[in-house]
Amino acid sequence: MNPDRNEIASALTEAAQEIHRHRSLDDTLDAIVRAAQQTVPAFEHVGISITHSNGTIETRAGTGQLVWEVDELQYKLAEGPCYDAIRHGGVTVMDDIDEEERWPRYVEEVRRLGLRAQMGLQLYTDDGALGGLNLYSRAPGVDPDAIQLAELFATHAAIALGRARHEHQLNESVSSRQAIGTAVGIIMERYRIPEDRAFQFLVRASSTSNIKLRAIAQEIVDTTAERFLNEGRA
């Protein structure tokens, strides 16, 4: 039985409250997939992918192992409903795998996993595409009402994901600056050199080792802290 408008409105309200309640990126991603699984009918599994600045796509949350297996296959082959939705926008639906002709390599591989129907929706805000919401079913057929509901849900999910990702990036930036600043201070003290030379020391080490500047800085901070701790125990 298809949900009526009141049931849809109620489901969306509960889902929105749930996904906006969480603050960290990982908590938000987990909340989105759980709420989508409970809200959008006829799909057993839900996953969420995020896009990185270098163009790669990564699955960050899912309701079952099937999600990771199917998503990894789509990334490897560069085809499939969720891959197309993320790359080209909008909603991409595979109603029945037995009648699907758009992705021959993907269909041949994923059929072995028991997947029959699938829907992918791009998650985006005014700042651009964030990733995709991916829904999977072991039964054929996608109800038009489910598509409409998933689109409405994806709007809420994109807002929550955009906010959480922005906060995560800000926190990462603050942590990075703190680690670099502390490492510069350690190098200044250790080698008796001015601040600009200490910073260039870090930059040179990062470039030579092909390791991110923050990682080099954090290693110096951690190693120094561990040394002081060991000396305190001696």
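The values are calculated or read from the model by the stated rules, or taken from the named source; none is laboratory data. For clarity, every value in this text was computed on a predicted model and none was experimentally measured. All Cβ positions, even for glycine, are placed from backbone atoms using ideal geometry, and neighbour counts span all protein chains on display.
If we keep just the residues of region 1-59 that are part of a helix (DSSP H, G or I) and among the β-branched types (V, I, T), which is modelled with the highest pLDDT? Walk me through how you get there before you give the answer.
Keep residues of region 1-59 that are part of a helix (DSSP H, G or I), which gives 5-21, 25-39.
Those still in the list that are among the β-branched types (V, I, T) too: 8, 13, 19, 28, 32-33, 39.
Numbers: I8: 53, T13: 60, I19: 57, T28: 77, I32: 80, V33: 86, T39: 80.
Among those that are part of a helix (DSSP H, G or I) and among the β-branched types (V, I, T), it is V33.
Does A146 count as surrounded by 13 or more Cβ atoms within 10 Å (Cβ to Cβ), modelled with pLDDT of 90 or more, among the hydrophobic types (A, V, I, L, M, F, W, C) and in contact with a Pro (Cβ under 8 Å, 6 or more places away or on another chain)?
Details: surrounded by 13 or more Cβ atoms within 10 Å (Cβ to Cβ): yes; modelled with pLDDT of 90 or more: no; among the hydrophobic types (A, V, I, L, M, F, W, C): yes; in contact with a Pro (Cβ under 8 Å, 6 or more places away or on another chain): yes.
No: the conditions fail for A146.
Return yes or no: is I86 outside any helix (DSSP H, G or I), within 21 Å of A158 (Cα to Cα), touching a strand residue (DSSP E or B) at 6+ places or on another chain (Cβ under 7 Å) and in the same structural domain as L135 (by TED's automatic domain parsing)?
Values: outside any helix (DSSP H, G or I): no; within 21 Å of A158 (Cα to Cα): yes; touching a strand residue (DSSP E or B) at 6+ places or on another chain (Cβ under 7 Å): yes; in the same structural domain as L135 (by TED's automatic domain parsing): yes.
Judged against the criteria, I86 is not a match.
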